[in-house]
Amino acid sequence: MEYFLQQLINGLTLGAIYGLIAIGYTMVYGIIGMINFAHGDIYMVGAFIALMGFLLLGFSDVAYLSIPIAILLVLAFAMLFTSVYGWTVERLAYRPLRGSFRLAPLISAIGMSIFLQNYIQLLQGARVKPLPPVVQGGLNLTTPIDGGFAVTISYLQIIIIVMTVVLMTAFTLLIAKTSLGRQQRACEQDKLMAALVGVDVDRTISITFVTGAALAAVAGLMHVMYYGVIHFYIGFLIGIKAFTAAVLGGIGSLPGAMLGGLLIGFIEAFWSGYFSVEYKDVAAFSILVLVLIFRPTGLLGKPEIEKV
Amino acid sequence: MTDGMQGAGDPPLLEVEHLTMRFGGLVAIDDVSFSAADRAITAIIGPNGAGKTTIFNCLTGFYKPTEGMLRLRRGGKDYLLERMEGHDIAHHAGIARTFQNVRLFQRMSVLENLLVAQHNALMKASGMSILGLISAPSYRKAEAEAIDLGAYWLDQVGLLSRADLEAGHLAYGDQRRLEIARAMCSRPSLLCLDEPAAGLNPRETGELNGLIQMIRDEHRVGVLLIEHDMSVVMRISEHVVVLDYGRKIADGDPEAVRRDPAVIRAYLGEEEDEELPSEVAGDIVDHAAGG
């Protein structure tokens, strides 16, 4: 039972990270019908920027800052600069190809992904970059019975989960209630018509990439703090898994991406907890295959009905 | 050529000069010039394929005209539409349009469809939605105003009780009226209606006539109307432009156009050419007889 609870907490943490990245995939797919394969690498860039943020804070001798404020500062720093990357990628690699054939932006997305990986490898080196733990300690949720162990939730896990819940709530409200969100949904449904009522479609697409990148930066920050190491290639596997999460939940659906991220997190945690760690990726991707076979629209996705 | 129905000395709201639109070798519009007055209904009629909708597509920035000039006057400023992007035309020049086949945001609520059309004002008030997220007072006020305007137009088109329904679930006639309401919510200077009466029954058509007249009279909007239903065109428009094969063949008040031999020929065909669709011909003949 303790073991189960512990894996549940670990899965929740993983799921939070996947969910935040999956939102970026699903939003971009919703608005331009394209899988942004560079999104995983935007997340990797976000992790590097977050790491730089921590190092800058460390060097600039602001030890008097309390840890939560430091994290918030780095968060803002990472979100800001990663957004610039997201915006630039859209502007350079996707916007010029809009209106081109469907495969063109897909190819340029893959190109962008390879470019970002090599760019970071060149600038930062291929070696693993460590970050000493920023937040330590945790809460014991149960008292260990003899021979057993205590279920713990680390403070870092709490921070990750709370941050994710806050961001997802804010983002859901943004989409559902604000004018910007309406504009985004309008572009999703009919770009031509949206332009005809005065919506600047190109700008709305840019904003979508920027918000997606900002959320990926948050996930990147969590990765740096949670795993303590990053390298230029982390974006690939985690990006694909977050993409799996988006498909599992129903690509194009915002709650679907969150649910999918959570499920992938649980699957990985429980698989590595009860079966074998080596095959946790196999488990996650088997789910992708099964979903594509039995429910191509995902758990919360609506099938597109074309009226004739 | 009679020059439309402009009020005493007012410059026209819209001037189309020597508009030509070619698609490869096909000339869809060939050197068409006309003008539309403010606070008046200008109808564009003509057989199928005459280029009516193409004119709308040029006006709204969907096509870039091959040649010619489209000038719209709004608030003492001239806008050259052929040089503007689609969303700028809607936002700054204030041209709103509806479609032959209704294009609503199907999966948004009826009211939301009207709010999207007002988003430029809302975005300004909400500081790119940041203030909206924390629901600052200035944003709440702007949104309340937007909802008021939406409710006003829903009332005008008789859909107030269905404001929260998904737009795709409305009946066809209701969707058509909602599209007009949405266009009006963007506070346009020129409203372009593409066959608004298509698929409506006679009672609905009568209501539509009233609605369009109300828009012209009370909201001081110029209306550009493409319509096949002559009972709409002849009854409510001040000015009729007739196109045939991309060329303008007549331009004037409904009475003059109806008697114009070129128009009758375009609709009924030359004597040796008797295979024209009888229902179109019927319309014109009915009106000529029953007028």
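Miscellaneous remarks
- Residue within the range A:18-35 that is at pLDDT 95 or above, more than 10 Å from the chain's Cα centre (by Cα) and open to solvent by 10 Å² or more (accessible area, probe 1.4 Å) present: no
- Any hit, the range A:208-229, residues being open to solvent by less than 10 Å² (accessible area, probe 1.4 Å), in contact (Cβ under 8 Å) with a residue 12 or more places away in the chain, part of a loop (DSSP other than H, G, I, E, B) and of a type in the set (A, V, I, L, M): no
- In the range B:77-99 there is no residue that is within 7 Å of chain A (Cβ to nearest Cβ), open to solvent by 30 Å² or more (accessible area, probe 1.4 Å) and not in a helix (DSSP H, G or I).
- The set of residues from the range B:156-169 being more than 14 Å from chain A (Cβ to nearest Cβ) and under 15 Å from B:E112 (Cα atoms) comprises B:L159, B:L160, B:S161, B:R162, B:A163, B:L165.
- Any hit, the range A:187-199, residues being open to solvent by less than 10 Å² (accessible area, probe 1.4 Å) and under 22 Å from the mean Cα position of the chain (by Cα): no
- Condition met for B:G46 (under 16 Å from the mean Cα position of the chain (by Cα), closer than 23 Å to B:A28 by Cβ, within 13 Å of chain A (Cβ to nearest Cβ) and at pLDDT below 90): no
- With respect to (1) away from chain A (no Cβ under 14 Å); (2) at pLDDT 90 or above, the lone exception for B:I147 is condition (1).
- Tallying residues that are open to solvent by less than 30 Å² (accessible area, probe 1.4 Å), out of contact with any Lys or Arg (no Cβ under 8 Å at 6 or more places or on another chain) and more than 21 Å from B:R220 (Cβ to Cβ) within the range B:38-57 yields 7.
- Identification of helices (runs of 4 or more DSSP H) wholly contained in the range B:131-237 with 3 or more residues that are outside the structural domain of B:I45 (by TED's automatic domain parsing) and surrounded by 16 or more Cβ atoms within 10 Å (Cβ to Cβ) yields B:137-156, B:172-185.
The values are calculated or read from the model by the stated rules, or taken from the named source; none is laboratory data. For clarity, every value in this text was computed on a predicted model and none was experimentally measured. So basically every Cβ, Gly included, is an ideal-geometry build from the backbone, and we count neighbours across all protein chains shown. Side chains included, ligands, DNA and RNA excluded: accessible areas come from the protein's heavy atoms. Shrake-Rupley method; radii C 1.70, N 1.55, O 1.52, S 1.80 Å.
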